[in-house]
Amino acid sequence: MIDALEGFTEQDSKVAGRALEQGKGCIIAVNKWDAVEKDGHTMDIERKKLMKHFSFMPYAPIIFISAKTGQRVDNLMMNIVEVALQNKRRVTTGMLNDFLGDATARVQPPSDKGRRLKIMYITQASTKPPTFILFVNDKELFHLSYLRYIENQIRTAFDLTGTPVKFII
């Protein structure tokens with residue numbers, strides 16, 4: 001929870017970092033939004049600032065609330081329930097492998113010196129946070145950029161909003 005009047009602090013970053021390390025689902029709630037002078041763009045400007053500060057957790061939704069007036073508190077509670085469900089979500093191996101076929105057809109896996117990365121299959125090992133195991137022909141061929149692509153595709157396909165995702169290659 002961030003104080004809208006105080007803005008982002010180093011402590012906010014530390015708390016978010018601990019939540020990420022422990023695999024916890026996150027929502028960034030900006031409280032005291034009723035006390036902020038606003039125009040038609042204030043929320044978008046503040047959201048962009050917070051997205052820069054929390055760039056290490058781009059999956060976390062940002063919600064502007066007022067505990068005093070109750071503004072958007074119901075929305076926050078709905079998001080809490082949704083993020084908790086996503087954090088313990090389980091996806092079948094069949095669904096993951098169908099997804100993987102589509103994702104690798106859209107963007108080919110990287111290659112190096114004539115050798116191409118082959119992802120044999122993917123399965124989910126655990127939840128809280130969702131952890132996926134990718135079985136590949138050569139770990140060294142699996143570039144971070146391609147892992148980010150796979151992560152983004154999984155987030156979109158299985159709606160993993162607000163939760164970190166871990167991978168084991």
Hits in segment 110-154 - residues which are over 15 Å from GLY23 (Cα atoms) and basic (Lys, Arg): LYS113, ARG115, ARG116, LYS118, LYS139, ARG148
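Please count how many residues of segment 48-83 are closer than 22 Å to LYS38 by Cα and either open to solvent by 80 Å² or more (accessible area, probe 1.4 Å) or assigned to a loop (DSSP other than H, G, I, E, B) (or both). Even if it seems obvious, please write down each step before you answer.
Within segment 48-83, the subset closer than 22 Å to LYS38 by Cα is 48-53, 61-76.
Restricting the remaining residues to those that are either open to solvent by 80 Å² or more (accessible area, probe 1.4 Å) or assigned to a loop (DSSP other than H, G, I, E, B) (or both) gives 48-49, 51-53, 61, 65-72, 74.
So the answer is 15.
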Whichever residue in segment 46-82 is over 11 Å from ALA29 (Cα atoms) and among the hydroxyl-bearing types (Ser, Thr, Tyr) and, among such residues, is farthest from the chain's Cα centre (by Cα): THR69
Single residue of MET120, MET95 found to be farther than 30 Å from GLU37 by Cβ, open to solvent by 80 Å² or more (accessible area, probe 1.4 Å), in a strand (DSSP E or B) and not hydroxyl-bearing (Ser, Thr, Tyr): MET120
Candidate set from segment 10-47 (those that are assigned to a loop (DSSP other than H, G, I, E, B) and touching a strand residue (DSSP E or B) at 6+ places or on another chain (Cβ under 8 Å)); member that is least open to solvent (accessible area, probe 1.4 Å): GLY23
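The values are calculated or read from the model by the stated rules, or taken from the named source; none is laboratory data. If you're wondering where the values come from, they're calculated on a predicted model, not measured in any experiment. As a convention, Cβ positions derive from the backbone with ideal geometry for all residues, glycine included, and neighbour counts pool all protein chains shown. Remember, those area values only see protein heavy atoms, side chains included, never the ligands or the DNA or RNA. Shrake-Rupley method; radii C 1.70, N 1.55, O 1.52, S 1.80 Å.
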